[in-house]
1. In whole percent, what relative contact order does the stretch 259-491 give with Cα contacts below 8 Å and a gap of six or more residues?
2. List the residues whose amide H sits under 5 Å from the amide H of GLU159, counting only those 5 or more places along or on another chain, with H placed 1.01 Å from N in the peptide plane.
3. Dividing the convex hull volume of the alpha carbon atoms of the stretch 99-147 by its residue count, what do you get in Å³ per residue?
4. Of the cross-linked pairs LYS261/LYS434; LYS325/LYS347; LYS312/LYS334; LYS140/LYS170, which ones have a Cα-Cα span greater than 27 Å in the structure shown?
5. Please give the contour-minus-distance gain from LEU472 to GLU339: 0.36 nm per residue of separation, less the Cα-Cα distance, rounded to one decimal in nm.
6. Could you give each residue of the stretch 185-190 its phi-based ³J(HN,Hα) in whole Hz, using Karplus coefficients 6.51, -1.76, 1.60 with θ = phi - 60°, and x for Gly or Pro?
7. Relative to the present Cα-Cα distance, how much length would full extension add between MET105 and GLN491 at 0.36 nm per residue of separation?
8. What FRET efficiency, computed as 1/(1 + (r/R0)^6) with R0 = 45 Å and r the Cβ-Cβ distance, is obtained for GLN509 and SER318, rounded to the nearest 0.05?
Amino acid sequence: MSPPTCKKNNLTVRFLIVMLLTCIMNRNNLCYNHRFVTSTISSHSGSPNIPASLEKLRLDGYLSSKNIAHASNDFGNIYHHLPSAVLYPKSVSDISSTIKHIFDMGSTSDLTVAARGHAHSLQGQAQAHQGVVINMESLKQEMYFHKGEFPYVDVSGGELWINILHESLKHGLAPKSWTDYLHLTVGGTLSNAGVSGQAFRHGPQISNVYRLEVVTGRGELITCSESQNADLFYGVLGGLGQFGIITRARISLEPAPLMVKWIRVLYSDFSTFTEDQEHLISSEDTFDYLEGLVIKNRTGLLNNWRSSFNPKDPVQASQFNSDGKTLFCLEIGKYFNPEETAKVNQKIDRLLSDLSYIQSTLFLSEVSYAEFLDRVHTSELKLREKGLWDVHHPWLNLQIPKSRIHEFAEVVFGKIITDSSTGPILIYPVNASKWNNKTSMVTPHEEIFYLVAFLSSAIPYSTGKDGLAHILNQNKRIIDFCETALLGMKQYVPHYTTQEAWQTHFGAQWDVFVRRKSQYDPLAILAPGQRIFQKARAFS
């Protein structure tokens, strides 16, 4: 997987970046009166044509410009930091040249760089105030598939997982671990962890990577793996973009199934619910996908399921009443191929017989593997039609040790959360042994821990329980409880505002994290939206 080669006029590249920096430093005059766009725009006020090889490096002083404004938004829709420029790279060297020039300016410049994937960050993590945002989806690179005993695919860091799914299925293959939502970039998920219902079996996505190509905060393009530049490899995985921008990744693949038996059942007792989940993730012969949901004060729940699922016993299901109850849904999936249907049905019956769910709530569906994995996108399209997708998303993602999950549930689900109408509440266990502890990702110090996600959507301008202020306050109450009770909680997709809080988050790994930062991004140019390090303070 050699890096792309593309000869460029370095003097022209540097001239372009100098113009960008000049505009930023003279914001009150030049930047409000001039606009420079490569490829499509030639000279303005005497500036030379910009080579088409850079595709589009836009320097725009009009802060209401569509591209600039677009780069200041993300899925969370809470933080909005305007950049000064947006880079649409055509090649990896576009990225490395830009970062190298900024690095060469040293600590005299406060310019920072943020890599932006599909903008699914929640707290402005992919934004760069008055800096440069790199639109990674513009980095188009061909996928390369390798078959054999250990199949893999080489993909661009800006590639969407949904595209990888469709292309790999053509080869009868697929990645092992996913996220619930597939319209995310490879670099974005690998900079966090990448989790879904397969994580208990295969670990997160960062545990299923063979090799990376990374542009560091020095502008260097480095290939890394477990055996080559391993320190950078492990640092970048789960590293929140602090050590480098992932430009290419080698993802582990496995033979892809064609179909999925998709099942939902309900519990009214939390202890029984967790016992069954922990039993399933600890068994060798088990389901392929497992997630759980908390449901509070929802009416007509089973009727809503009927649009996609069929009840095992329609008569019993019609008699079930969910009104006002706190219920726990176990969602499981078994992968198979059509010729295995009879055998798989028998296995599912056997696995279900070991569980203690409410018998009348067994609902089943059979869908294609691609349809199952892309299920959230179907919901997205429906929400977009109603204008309910581009709203505030004050999500909170936590990791809770198994030993404290009942205490967590008693307080959070019993006292703090009054209903689940603002969005799904996910809760499911994973095996820590499937997570590589050499990466930058931090998890609770127990073999089994629970992923708990409060995926709320706030109604614009609402001052009630579905409003942004109420949900943010609710999130704060949950975090405060976890910290006061010393649960050993760790945030997933973490958000902190002080370095002290970040140090607490990383714990014993903090010194390694700081050392890697000083080595690979000593001027703290990269990922300023994480708010971990301050720009232009060189590390010793």
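The values are calculated or read from the model by the stated rules, or taken from the named source; none is laboratory data. Everything numeric here is computed off the predicted structure, so don't read it as measured data. A quick note on method: Cβ atoms are made from the backbone with ideal geometry, for glycine too, and the neighbour counts reach across all protein chains shown. Heavy atoms of the whole protein, side chains included, go into the accessibility calculation; ligands, DNA and RNA do not. Shrake-Rupley method; radii C 1.70, N 1.55, O 1.52, S 1.80 Å.
1. Numbers: 383 pairs, mean separation 60.1, N = 233.
Relative contact order here is 26 percent.
2. Hits under the 5 Å cutoff: VAL186, GLY187.
3. On the way: hull volume 6.3 nm³, N = 49.
It comes to 128 Å³ per residue, whole-number rounded.
4. Numbers: LYS261/LYS434 24 Å; LYS325/LYS347 31 Å; LYS312/LYS334 16 Å; LYS140/LYS170 20 Å.
Over 27 Å Cα-Cα: LYS325/LYS347.
5. Numbers: separation 133, 0.36 × 133 = 47.88 nm, distance 4.93 nm.
This chain segment gains 42.9 nm when fully extended.
6. Residue by residue, the stretch 185-190 yields 8, 4, x, x, 6, 6 Hz.
7. On the way: separation 386, 0.36 × 386 = 138.96 nm, distance 3.50 nm.
Going from the current span to full extension adds 135.5 nm.
8. Numbers: r = 52 Å, r/R0 = 1.16.
The pair GLN509/SER318 has a calculated efficiency of 0.30.
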